[in-house]
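The values are calculated or read from the model by the stated rules, or taken from the named source; none is laboratory data. These numbers were taken from a predicted model, which means no experiment stands behind them. Note: ideal-geometry Cβ built from the backbone for every residue, glycine included; neighbour counts use all protein chains shown. Accessible surface areas use protein heavy atoms only, side chains included; no ligands, DNA or RNA. Shrake-Rupley method; radii C 1.70, N 1.55, O 1.52, S 1.80 Å.
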Amino acid sequence: MVLVVVFGIALLVAVLLSGLAARTVLSTSLLFLLGGALVSDGFLGLIHITSDSEIVGVTADLALFAVLFTDGMHVAFPVLRRNWKNPARALGLGMPLAMAGMALITHYLVGLDWTTSFLVGAVLAPTDPVFASAIVGRKEVPAKLRQLLNVESGINDGLALPVVLILIAAAGPTSGQVQSSVGEIALELALGLVLGTCLPLAVAGLVRLRLLGAEPKLQPLLPLATGIILYAACHLTHANPYLAAFSAGAVLASVSPEAKKAFEPLGEALAELAKFAALLVFGALLTPALFGDLPVGGYVAVVLAIVLIRPASLLVSLLGAQIERREKLVAAWFGPKGFASVVYGLLVLQAGIPQGEAAYTLIAVCIAFSIIAHSSTDVPIARLFHVDDLAGIPSDDDDQDQPRTPAPIDTPDQEKHRASP
């Protein structure tokens, strides 16, 4: 119950400061992270949470599922078909380069074996636009940049998961069973994709029946019910819930745009709550002892992961892409580690592999540093794209008697003329 009280207080403070946070380097995500750390055993000792506590895995699992479900609804297939090249570059080349680069610095600076080093690289490869909300959530920011960050982060979680599971099997005491593990992982992913595709199609078909249909005020609950059933079905059948969540959101938005529109406000609020809860719990794991366990080489690896590995790998993947240099640099910087990395890091810790604790310590510190670095820089960088009204509140120097003029939206021809390799 203490944890519930702490969450309520943190939520109240975050809401009261959200207007200020939306216009400054203050971050609501960082408030929950610091709040969890403050009340943990390392400081005030109000709550006792360890990495093997059930609430840690459950909270992270639910948060990632909710985030991917709502992220999937933002995927517009017609737009994606027209502008798939940049996300494909980031996923097909940038992501493997980031994995390999992280593995190299982990092996040589931290001293982990090659299998565990590549495992760390795979865990930290997924990105999360949650901590760059001032960039990905604003229409003033060029569509190519927003789409690149959103699509990349939405898909790379599912792409990284099989690699993480295979490397855990290879690094564990039963590493000889990797071949059978690959088959099981492939089956879980395929089943998740099937469930995530078929369930929304079935629900959309039911809604179209003459005798059935959702009352307008209850329509937002239709996608929610679909998500709840999907989450339970995945865990009962051992299907991959994350791939199922993202594909279900995308399919539901495609076949039932009215359901997506009705659910969007509720879905965004629920996803925010889940994310905040996961950050609070994760923050409680960030004790002084954990930071003390990481050697100096580990801190160097963390800094390099944030300021070198991600930026360099994405810039290489975007060589020759029809996107402005400024947009390339922004996309390269915003590669924050988020909920997928938290969940995958816990999988590493709970797998019982020989160097699992050392790998988890590096992963946890890297996630914490990434949240601080990226969630506190999205607002200043957003202003480069003339995003001034970040909180929906006029700034002090605005003439409040003047009506606001919406930012012009580039046509495809204008955007193409403006873009440069």
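A few points about this structure:
- Residues of the stretch 207-232 classified as more than 13 Å from Ala259 (Cβ to Cβ) and in contact with a helix residue (DSSP H, G or I) (Cβ under 6 Å, 6 or more places away or on another chain), total: 3
- Some residue of the stretch 372-388 being crowded, with 17+ Cβ neighbours inside 10 Å, within 18 Å of Met102 (Cα to Cα) and of a type in the set (Phe, Trp, Tyr): no
- Taking (1) touching a Pro at 6+ places or on another chain (Cβ under 8 Å); (2) over 28 Å from Val58 (Cα atoms) in turn, Lys217 satisfies each apart from (1).
- From the options Leu91, Leu189, Leu112, Leu149, residue that is of a type in the set (A, V, I, L, M, F, W, C), modelled with pLDDT of 80 or more and outside any helix (DSSP H, G or I): Leu112
- Restricting the stretch 231-245 to residues that are without any contact (Cβ under 8 Å) to a residue 60 or more places away in the chain and part of a helix (DSSP H, G or I), the residue that is farthest from Leu191 (Cα to Cα) is Ala232.
- Annotation note: of Val123, Val56, the sole residue that is modelled with pLDDT of 90 or more, out of contact with any strand residue (DSSP E or B) (no Cβ under 7 Å at 6 or more places or on another chain), closer than 30 Å to Val6 by Cα and outside any loop (DSSP other than H, G, I, E, B) is Val123.
- The one condition in (1) at pLDDT 50 or above; (2) surrounded by fewer than 22 Cβ atoms within 10 Å (Cβ to Cβ) that Asp410 fails to fulfil: (1)
- Flag for Arg81 being modelled with pLDDT of 85 or more, among the charged types (D, E, K, R) and open to solvent by 50 Å² or more (accessible area, probe 1.4 Å): no
- Considered as a group, the residues in the stretch 327-340 that are outside any loop (DSSP other than H, G, I, E, B) and touching a helix residue (DSSP H, G or I) at 6+ places or on another chain (Cβ under 7 Å) include one that is farthest from Leu93 (Cα to Cα), and that residue is Phe339.
- There is at least one residue in the stretch 288-300 that is among the small types (Gly, Ala, Ser), over 20 Å from Ser40 (Cα atoms) and at pLDDT 90 or above.
- Filtering Leu224, Leu252 for residues that are out of contact with any Asp or Glu (no Cβ under 9 Å at 6 or more places or on another chain), buried (at least 24 other Cβ atoms within 10 Å of the Cβ) and part of a helix (DSSP H, G or I) leaves a single hit, Leu252.
- Residues that are assigned to a helix (DSSP H, G or I) and modelled with pLDDT under 90, drawn from the stretch 194-221: Val203, Ala204, Gly205, Leu206, Val207, Pro216, Lys217, Leu218, Leu221
- Criterion: under 23 Å from Glu152 (Cβ atoms), assigned to a helix (DSSP H, G or I) and either open to solvent by less than 70 Å² (accessible area, probe 1.4 Å) or at pLDDT 80 or above (or both) - qualifying residue of Ala37, Ala66: Ala66
- Of all residues in the stretch 240-286, those satisfying the criterion of being of a type in the set (Val, Ile, Thr) and within 23 Å of the chain's Cα centre (by Cα) are Val251, Val281.
- Ala269 falls short on exactly one of the conditions (1) assigned to a helix (DSSP H, G or I); (2) in contact (Cβ under 8 Å) with a residue 12 or more places away in the chain, and that condition is (2).
- Residue list for the stretch 199-221, restricted to those being exposed (fewer than 14 other Cβ atoms within 10 Å of the Cβ) and either touching a Ser or Thr at 6+ places or on another chain (Cβ under 7 Å) or among the hydrophobic types (A, V, I, L, M, F, W, C) (or both): Ala202, Leu206, Leu209, Leu211, Leu212, Leu218
- Residues in the stretch 276-305 that are open to solvent by less than 20 Å² (accessible area, probe 1.4 Å) and not in a helix (DSSP H, G or I) were compared, and the one that is farthest from Lys337 (Cα to Cα) is Leu294.
- Members of the stretch 308-326 that are in a helix (DSSP H, G or I) and crowded, with 21+ Cβ neighbours inside 10 Å: Ile309, Arg310, Ser313, Leu314, Ser317
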